[in-house]
């Protein structure tokens with residue numbers, strides 16, 4: 001065998017090995033491509049689920065925000081009522097205190113008049 005035949009034979013072997021390697025690489029690339037497609041599909045499903053969950057959470061947050069606003073309004077109304085009650089109670093306290101003082105004065109007058117009446121009764125009894 002001469003040199004040219006040897007070179008040709010080596011080139012043929014090299015060509016066959018390259019073809020085999022090329023086929024193996026294509027198969028491996030197809031496998032990786034399939035795996036990536038599956039992973040991408042799963043990731044998309046997961047993203048869709050997460051998007052739905054986020055939407056639900058946003059709806060809940062909106063409802064909770066509205067509930068909080070309503071509660072704040074109610075608390076404001078209750079505070080206003082309490083302020084009114086405090087003002088009314090202060091007025092009533094002053095009125096009641098004034099009436100109690102008047103009652104004390106009247107009671108003192110009744111005591112004095114009663115004492116005077118007892119004196120008159122005692123004097124009238126002594127005259128008889």
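The values are calculated or read from the model by the stated rules, or taken from the named source; none is laboratory data. Since the structure is predicted, the reported quantities are computational estimates derived from the model, not experimental observations. Every residue, glycine among them, receives a Cβ derived from its backbone with ideal geometry; neighbour counts consider all protein chains shown.
Condition first: part of a helix (DSSP H, G or I), under 17 Å from the mean Cα position of the chain (by Cα) and surrounded by 10 or more Cβ atoms within 10 Å (Cβ to Cβ). Can you find one or more residues in region 74-81 that meet it? Looking through region 74-81, at least one residue is part of a helix (DSSP H, G or I), under 17 Å from the mean Cα position of the chain (by Cα) and surrounded by 10 or more Cβ atoms within 10 Å (Cβ to Cβ).
Could you please let me know if residue 92 is on the phi < 0 side of the Ramachandran plot, exposed (fewer than 10 other Cβ atoms within 10 Å of the Cβ) and at pLDDT below 95? In short, no.
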